[in-house]
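The values are calculated or read from the model by the stated rules, or taken from the named source; none is laboratory data. Worth saying up front: this structure is predicted, and the values here are computed from it rather than measured. All Cβ positions, glycine included, derive from the backbone under ideal geometry; neighbour counts span all protein chains shown. Ligands, DNA and RNA are excluded from the accessible area calculation, which covers all protein heavy atoms including side chains. Shrake-Rupley method; radii C 1.70, N 1.55, O 1.52, S 1.80 Å.
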Amino acid sequence: MSIRIIPQDQLEKGEKTTADTIPPLLFPRLKNLYSRRAARLRELADKNPLGDYLRFAAKIAQAQEIVLYDHPLHRDLYDRLVQSAAEGKPPLDIHTLPRDAHWQRLLHSLIAELKPEMTGQALAVLENLEKTAAGELETLASALLAGEFALVSSDKAPFIWAALSVYWAQMAALIPGKARAEYGEQRQFCPVCASMPVASVVHLGTQQGLRYLHCNLCESEWYVARSKCSNCEQTRDLHYWSLDSEQAAIKAESCGDCGTYLKMLYQEKDPALEPVADDLASLVLDARMEQEGFSRSSLNPFLFPDES
């Protein structure tokens, strides 16, 4: 099954009810999103061996909350949505969507917010980014979005991605469309922007028991059935791993067919779970999965592969 986003006025009358049975796509709710993430990161840092890095990530998330409201985005995406629907492609495809100067304004605002909070190497990185020419910043952004992480130093990547993420999340929240589930391509990439998930969340509330993958860029979430590999859609060789018990709130779903794993966060067991924060705070589970021979099918925006 694939998910296609089409303009609301192009939906046939009966489709709205069908789509709402299990919403295939949840656009980002930006109000307090980053401040909630920052609070969760600080909470998790208190008893985590990676506490210093979690607090570092919390500062970035809090700065994202500030620049989101300092630099609102106003854009009509209707024509873009019509075109992408006709082509059967994500409307905010990271591989084809032209970027404008807004994301660099977000980056420089992030830098201004973060400089008083940072010292040492992190401050030096921010000062370096502040002096980087616009063309070079575009080159770095394009490399990150293309997955060419070797071309961007791992100390710069989280700051650049933080600005790109706010930019894409702002656009995603403005999309004037509705998602429709269709047979076709797999669902391992975000139907809004074609980026990777950070983790999957088994929801509470109106989507209780349903699993959604959380995009690491635009903050949208899309539905993928449980007991199915989110990467290759096979069902025959799935296993679930945790560090403590079967009732753990965070598990890793591994697939023997494609050799990958993705974390599953169960909000019914811990309603405070936050995809980016809890994924980052559970790196011990990642180490275990790598020992077992599995590789991540996801990417955390605060944990890019080292350039070496």
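Quick notes
- Where both bridge residues fall in the chain, DSSP classifies roughly 85% of the beta bridges as antiparallel.
- Cα point-scatterer Debye curve for region 33-174, base-10 log of I(q)/I(0) at q = 0.22 Å⁻¹: -1.42
- Shown for the chain: lysine pairs separated by 8 or more places, or found on different chains, whose C-alpha atoms are under 20 Å apart, numbering 16.
- Share of pairwise Cα separations in region 133-180, more than 14 Å, in percent: 57 percent
- Taking the empirical scaling 2.2 N^0.38 Å for compact globular proteins as reference, the chain has a Cα radius of gyration ratio of 0.98.
- Remark: region 131-197 carries 37 Å² of accessible area per residue (probe radius 1.4 Å; ligands, DNA and RNA excluded).
- Here the chain is assigned +1 on the Cβ of each Lys and Arg and -1 on the Cβ of each Asp and Glu. Its dipole about the Cα centre then comes out at about 620 debye.
- Think of the chain as having a plus end and a minus end, set by charges on the Cβ of Lys, Arg, Asp and Glu; of I6, S230, L145, I6 sits farthest toward the positive end of this dipole.
- Cβ-defined net charge surrounding L129, 12 Å radius [Lys, Arg +1; Asp, Glu -1]: -1
- Region 155-182 and region 109-145 have Cα centres separated by 19 Å.
- Computed over protein heavy atoms with a 1.4 Å probe, the carbon and sulfur contribution to the accessible area of the chain reaches 50%.
- Taking a ≥ b ≥ c as the square roots of the eigenvalues of the alpha-carbon gyration tensor, region 189-296 is classed rounded because a/c is under 1.5.
- Spin-label proximity, Q291 to region 216-242 - amide N less than 19 Å from point 7 Å beyond Cα toward beta carbon: 239-242
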